[in-house]
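Any read-out appearing in this document is the output of simple, stated calculations on the displayed coordinates, not a laboratory observation. Computed from a predicted model, the values in this text were never measured in an experiment. All Cβ positions, glycine included, derive from the backbone under ideal geometry; neighbour counts span all protein chains shown.
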Amino acid sequence: MMCSICRQGETQPGTTTVTLERGELTFVAKDVPAMVCANCGEEYLDSSTTAATDPKIRAFRDRIAEAQRDPTSDAVASDARVRR
Ligand SMILES: [Zn+2]
């Protein structure tokens, strides 16, 4: 599709980095499939499909749910990267 930011480039299949935040927790998923503008590099993530189907993001959501059920769980801290 045509890039809606620069309106000059066509988007092509590529990967991007997705950052998810839940409260004080931040999760960074790298190499998530996305459409990337060949001209300006703007990344388009189809949130309705990619975020729901990417295994890394699904795993993160599972860990968040787990941590919220059990605040003492270290499931999140051991695997997710926390960025400040
Ligand atoms: Zn563009």
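Some observations on this one:
- 20 Å reach of a label modelled at Arg61, 7 Å along Cα-to-Cβ, counting backbone N of segment 12-43: 16-35
- Each other residue within a Cβ distance under 14 Å of Ala38 adds +1 if Lys or Arg and -1 if Asp or Glu, for a net charge of -2.
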